[in-house]
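Before any comments, here is the structure.
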2 protein chains.
Amino acid sequence: MDVAEFRRRGKEMVDYIADYLENIEQRPVYPDVEPGYLRNLIPSEAPVEPEDYNDIIKDVERVIMPGITHWHSPHFYAYFAAASSYPAMLADMLCGAIGCIGFSWAASPACTELETVMLDWLGKMLKLPECFIAGTSGRGGGVIQGTASEATLIALLAARCKVINRMRASNPQLSESEIFSKLVSYTSIYSHSSVERAALIGGVTMKKVSTDKNFAVRGETLKKMIEEDKAAGLIPFFVCATLGTTPSCAFDRITELGPICNEENIWMHIDAAYAGSAFICPEFRPLLNGIEFADSFNFNPHKWLLINFDCSAMWVKNRADLIGAFNVDPLYLKHENQESGLVTDYRHWQIPLGRRFRSLKMWFVFRTYGIQGLQTYIRKKMERRGEERRGEERRGEERRGEERRGEERGEEERRGEHVSLAKEFEKMVLADENFEICAEVIMGLVCFRLKGSNEINQKLLDRITKLREIHLVPCQLEERFILRFAICARTTELRHIQRAWSHIKKLAYEILQESSHCLKG
Amino acid sequence: MDVAEFRRRGKEMVDYIADYLENIEQRPVYPDVEPGYLRNLIPSEAPVEPEDYNDIIKDVERVIMPGITHWHSPHFYAYFAAASSYPAMLADMLCGAIGCIGFSWAASPACTELETVMLDWLGKMLKLPECFIAGTSGRGGGVIQGTASEATLIALLAARCKVINRMRASNPQLSESEIFSKLVSYTSIYSHSSVERAALIGGVTMKKVSTDKNFAVRGETLKKMIEEDKAAGLIPFFVCATLGTTPSCAFDRITELGPICNEENIWMHIDAAYAGSAFICPEFRPLLNGIEFADSFNFNPHKWLLINFDCSAMWVKNRADLIGAFNVDPLYLKHENQESGLVTDYRHWQIPLGRRFRSLKMWFVFRTYGIQGLQTYIRKKMERRGEERRGEERRGEERRGEERRGEERGEEERRGEHVSLAKEFEKMVLADENFEICAEVIMGLVCFRLKGSNEINQKLLDRITKLREIHLVPCQLEERFILRFAICARTTELRHIQRAWSHIKKLAYEILQESSHCLKG
């Protein structure tokens, strides 16, 4: 493919992408394929001769699209959102063309430096303490990881290295492997699976901390466990607190956990993968209070801040903790400026060596939307102003909504609409006495279920999944099987969640009638 | 940015990318900026209001380009190649638009299934033993990792889990931490820094194995170390062999190492990050003999197979080894098909949870080029046939080259031109008795130096780096400071390496004269 063909095919691809995203609503959100479907649709070996590009692009609709779960469909309510926006996609195109592998400053200074400054911009948007901002702190700073899983792992490994060094300095008689075997870390029973996995990888024990009735870890519970473990000769060294857990979007009480960790010389990492984006809004920022106690903090702009995957933002109070844990420095990676103390070599901050120029996406998105635009998006008001056509269609629905809302209007206005959509959905659920809400609705996630057995809820989910009109996934809270309804797509509107709720209700009533359950209301 | 603007801006971006790559040769390959240059060029905080897209795109030339090391410039001879091609970029655009996060089969079946089949296609191109091919083996298969670093780490962690389980089964009196502390792994003194780092992360000892005079690890040396360690009560569990080391592109003798590992129940991982792509050519495939002894194998199509970063291909003989090492399975990630045994959930195969739809790049590239096209690229003959204009310009130079080559022509033909370019460069070096070649030239890398001190060679490299006409990095072989000249860009031609050699020679002569060294010849 020469450059002239690339110009032509690239422009066709831009149009294909625009068409795909504009009309995504028409596609079934969850694919109707059996495992192994794809192998039968394409040859079992690569072609020997080059193929015509037209044949390749035709196969996107024939082979790929039938097997896609459409994460950006407004009928997608599963997991948490995956961010997507046009400026992020443009920046990613540029990132691919530059194609630098920015493992060190010298490998492409712009790649490293823009990242440092973008993490400062974002840190300031979140009002992080100055110690996390590279431009003002002598010691801290930010980095883009691929995923929150990697951020948690990096934090745990840095903490492991730090505690081993400290213990060996104060107890020279202890061997590294003796210390290693006594290390213990803590996280909520509701933490993301990647936290437990980080401990598996790091080869250390991780204990699960139970929560209060809001599914949040409290200081007292942690303190008791730490004291027991210390009494048993163990060495507590790492706590991973979560702001916005995956099952129910619960917030561990970091104002209680932080002082305990600081006092006990325990590394506190905060994982706010989903909820972190909301902290750019003043009304949500109080949930981040206590961040000053943390050694490291991470959230995923690739979830809820319009920046396409992968872009997981991580800050550390003391970058020497990371660098010290992983520094292996062969000659072929050295460069003239690395000893100056002025440059950052991000390869010491992460698991992989190579890294793409991901900060371009942040730069394009922050500037295209502005802080206000991003806040508005979290509050989900952008479509109202920007997309007139849709706005017109929705006005009628909104009027009806406003009547219902009445005097709550002022509060709703402040809360913002992405959250409001969740709140609207919560109201729909609460208005039907066959259903119950299972966790406080704080951001864009609603946990709900049919009053009744786990089996009947499993049955409801199975039917929803089978019909493919909407897509959602379950979670488990205190042995209860629960349905998670997460507002995900950039284009989700009130009419979508109304339709989703009608659909869920219809299926639920069918099941209740089949099961001879008493249908209430 | 609405969809209409995206259509317009996207097409502009396609043209910008085409212009950038077409004219990349005119830009200085290595940037002339001081650490911290970028912070002064942009505001210290994100804008509150949205900015005009025109201002953003203008800043690409003002802020970004001055700080780019142009990895795809034909004047770039540093590290190893980073792959780049137009079909890969098109596929990446599509990947961004689909924007699925393919951690499980259900999260987007096409994403998982295309990956499995593409790794089969690629495995067959390499003539991997059937046990590594998912479609024919009951137990093995391939996966895309982000980087070779992650592949090595995953392999080491799987090996660690396996040996701990085996030792505990056979020695129930041993605790996990006792076993842990006795584990020992091995790799060449010339292995990539990420191998040592994998052991640091995994918390296990890694011993460096010395090499023969070709910088290759031999069976005897390894066997001796293993025996000594076993005698000392240690548990050898992991060997990482390298095919194509970073310093000199040396090939560890896997036909010797493999049987030892198999006999000793040691996991053998093979890292062929750079050289692996060449194994699709029959003439290079013998270097992969011994693969049948390996438990896992990895190379980077994002280096030398025209697929943009990141795309690191990894195969395992027994996928249960990976899955068993990392399986943490919360309800919100379960899906109806996972117990069927028919589906692959790649999240168990890797460090991160989330993953992009990277196999699209493989599919587009394999089909656009065909196996023959890819082989030709490795052999670097494509430009001759495809790009007529350039071909015309080069014909004169080639004729001169052909006269020099004389009867070697037949062999050169088989060897292919990317390697031939390296061979041509080697000849230029050998023709000047002030210089020496420091390692056998097998693929696209030439290790050379001025006969003389490390200091004088360091001085030569410093001057090359400072003048920014070409870019290369050093390595160290047996305490000697050496210059690495790697054929990197897709568009590198004979005229480029001729110009590079003239430039190097000129600088070297200046230094020799300044230092009052005796200039030979």
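The values are calculated or read from the model by the stated rules, or taken from the named source; none is laboratory data. All of these numbers come straight from a predicted model, not from anything done at the bench. Positions of Cβ are generated from backbone atoms using ideal geometry, with glycine treated the same way; all protein chains shown enter the neighbour counts.
Name, by its number, the condition in (1) assigned to a helix (DSSP H, G or I); (2) buried (at least 24 other Cβ atoms within 10 Å of the Cβ) that does not hold for B:TYR186. That leaves (1) as the condition not met.
Tallying residues that are in contact with a Leu (Cβ under 8 Å, 6 or more places away or on another chain) and within 27 Å of A:CYS281 (Cα to Cα) within the stretch A:417-441 yields 6.
Yes or no: B:ALA46 more than 9 Å from chain A (Cβ to nearest Cβ), assigned to a loop (DSSP other than H, G, I, E, B), hydrophobic (A, V, I, L, M, F, W, C) and touching a helix residue (DSSP H, G or I) at 6+ places or on another chain (Cβ under 6 Å)?
So B:ALA46 fails the test.
Filter the stretch A:426-484 for residues that are under 14 Å from A:ALA78 (Cα atoms), acidic (Asp, Glu) and touching a residue at least 12 places away in the same chain (Cβ under 8 Å) and give the result. Scanning the stretch A:426-484 gives a single hit, A:GLU469. Taking the stretch B:203-219 as the range and being of a type outside the set (Val, Ile, Thr) and crowded, with 24+ Cβ neighbours inside 10 Å as the test, only B:PHE215 passes. Residues in the stretch A:51-95 that are within 8 Å of another protein chain (Cβ to nearest Cβ), within 19 Å of A:ARG7 (Cα to Cα) and outside any helix (DSSP H, G or I): A:GLU51 only. Just one of the listed residues (B:LEU507, B:LEU477) is over 25 Å from B:VAL33 (Cα atoms) and of a type in the set (A, V, I, L, M), and it is B:LEU477.
Rundown of residues vs (1) part of a loop (DSSP other than H, G, I, E, B); (2) over 24 Å from A:ASP92 (Cβ atoms); (3) free of Cβ contacts under 8 Å to residues at least 60 places away in the same chain, yes/no style:
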| site | (1), (2), (3) |
| --- | --- |
| B:SER104 | yes, no, no |
| B:ASP120 | no, yes, yes |
| B:LYS124 | no, yes, yes |
| B:CYS131 | no, yes, no |
| B:VAL195 | no, yes, no |
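Tell me, yes or no, whether the stretch A:99-110 has at least one residue that is small (Gly, Ala, Ser), touching a Gly at 6+ places or on another chain (Cβ under 6 Å) and closer than 25 Å to B:PRO35 by Cα. Within the stretch A:99-110, one or more residues are small (Gly, Ala, Ser), touching a Gly at 6+ places or on another chain (Cβ under 6 Å) and closer than 25 Å to B:PRO35 by Cα. Just one of (1) within 14 Å of chain B (Cβ to nearest Cβ); (2) closer than 19 Å to A:ALA275 by Cβ fails for A:ILE201. It is (2). Within the stretch B:211-226, residues that are more than 19 Å from B:ILE266 (Cβ to Cβ) have Cβ atoms under 6 Å from residues that are aromatic (Phe, Trp, Tyr) in these pairs: B:PHE215/B:TYR190, counting only partners at least 6 apart in sequence or on another chain.
Could you check how many residues of the stretch A:271-302 are small (Gly, Ala, Ser) and in a helix (DSSP H, G or I)?
So in the stretch A:271-302, the residues small (Gly, Ala, Ser) come out as A:272-273, A:275-278, A:290, A:294, A:296.
Pick out the ones that are also in a helix (DSSP H, G or I) and you get A:275-278.
The number of residues fulfilling the criteria is 4.
Within the stretch A:284-335, restricting attention to residues that are surrounded by 24 or more Cβ atoms within 10 Å (Cβ to Cβ) and among the small types (Gly, Ala, Ser), the residue that is nearest to the other protein chains (Cβ to nearest Cβ) is A:SER312. Tallying residues that are assigned to a helix (DSSP H, G or I) and closer than 11 Å to A:GLU256 by Cα within the stretch A:216-234 yields 5.
Within the stretch B:1-30, being in a loop (DSSP other than H, G, I, E, B), within 8 Å of another protein chain (Cβ to nearest Cβ) and either free of Cβ contacts under 8 Å to residues at least 40 places away in the same chain or surrounded by fewer than 19 Cβ atoms within 10 Å (Cβ to Cβ) (or both) holds for one residue alone: B:ASP2. Among the conditions (1) surrounded by 21 or more Cβ atoms within 10 Å (Cβ to Cβ); (2) free of Cβ contacts under 8 Å to residues at least 24 places away in the same chain; (3) among the acidic types (Asp, Glu), the only one that B:GLU176 does not satisfy is (1). Checked against the criterion of being within 14 Å of A:SER359 (Cβ to Cβ), more than 7 Å from chain B (Cβ to nearest Cβ) and among the aliphatic types (A, V, I, L, M), the stretch A:103-120 has at least one qualifying residue. In the condition set (1) farther than 28 Å from B:PHE326 by Cβ; (2) surrounded by fewer than 24 Cβ atoms within 10 Å (Cβ to Cβ), A:GLU115 is compliant with all but (2). The residues on offer are A:ASP229, A:ASP212, A:ASP295, and the sole one that is out of contact with any helix residue (DSSP H, G or I) (no Cβ under 6 Å at 6 or more places or on another chain), modelled with pLDDT of 95 or more, among the acidic types (Asp, Glu) and under 30 Å from B:ARG355 (Cα atoms) is A:ASP295. State whether one or more residues within the stretch B:123-131 are crowded, with 24+ Cβ neighbours inside 10 Å, within 9 Å of another protein chain (Cβ to nearest Cβ), charged (D, E, K, R) and over 19 Å from B:CYS240 (Cβ atoms). Taking every residue of the stretch B:123-131 in turn, none turns out to be crowded, with 24+ Cβ neighbours inside 10 Å, within 9 Å of another protein chain (Cβ to nearest Cβ), charged (D, E, K, R) and over 19 Å from B:CYS240 (Cβ atoms). Those helices (runs of 4 or more DSSP H) of the stretch B:382-489 in which at least 2 residues are of a type in the set (D, E, K, R) and at pLDDT below 85, considering only elements entirely within it, cover B:382-386, B:388-405, B:409-415.
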